[in-house]
Amino acid sequence: MVSRDATALLRQKCAEMSQSRVAKEIGVSSTTVSQILSGNYGADPSQVLQLVVETYGSLTVECPVIGGAIPLAECRVERDSTDRANHQRVLFFRTCPSCPQNPKGGKP
């Protein structure tokens, strides 16, 4: 998803909910959301927009743990989880850091 589409998705979600709720759900400040929407964000917004796509987008990715496609939002939840209560959670914990779908440094 290109930056313009991600920004449009961010704008849509803010209209549906609120800037503060969207900011909380993606894990950034409401000031950051406001600055991106107004075009005044002083840094590269790509990481924040990636969070928007991961949280609200309809994209799917191939998950090596599941062995098939999962929504990108589910990928983000599993990747960020610290829960290791069962075998599958342990597999996520071990696999996600090096997964090519992980924007935090995954390597193929």
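Could you check the stretch 1-78 for helices (runs of 4 or more DSSP H) lying wholly inside it with 2 or more residues that are within 28 Å of residue 98 (Cβ to Cβ) and in contact (Cβ under 8 Å) with a residue 24 or more places away in the chain? Let's see the steps before the verdict.
Working: elements: 3-16, 19-26, 30-38, 46-56.
Of the helices (runs of 4 or more DSSP H) lying wholly inside the stretch 1-78, those with at least 2 residues that are within 28 Å of residue 98 (Cβ to Cβ) and in contact (Cβ under 8 Å) with a residue 24 or more places away in the chain span 3-16, 19-26, 46-56.
Can you tell me how many residues in the stretch 74-90 are crowded, with 16+ Cβ neighbours inside 10 Å and at pLDDT 85 or above? Please lay out each step first, then the result.
Filtering the stretch 74-90 down to residues crowded, with 16+ Cβ neighbours inside 10 Å leaves 75-76, 78-79.
From the residues that got through so far, the ones that are at pLDDT 85 or above too are 75, 78.
Result for the stretch 74-90: 2.
Take the conditions surrounded by 13 or more Cβ atoms within 10 Å (Cβ to Cβ) and charged (D, E, K, R) and apply them to residue 16. Does it pass?
Working: surrounded by 13 or more Cβ atoms within 10 Å (Cβ to Cβ): no; charged (D, E, K, R): yes.
Here the answer is no, as residue 16 does not meet what is asked.
The values are calculated or read from the model by the stated rules, or taken from the named source; none is laboratory data. Quick caveat: nothing in here was measured; it's all calculated off a predicted structure. So basically every Cβ, Gly included, is an ideal-geometry build from the backbone, and we count neighbours across all protein chains shown.
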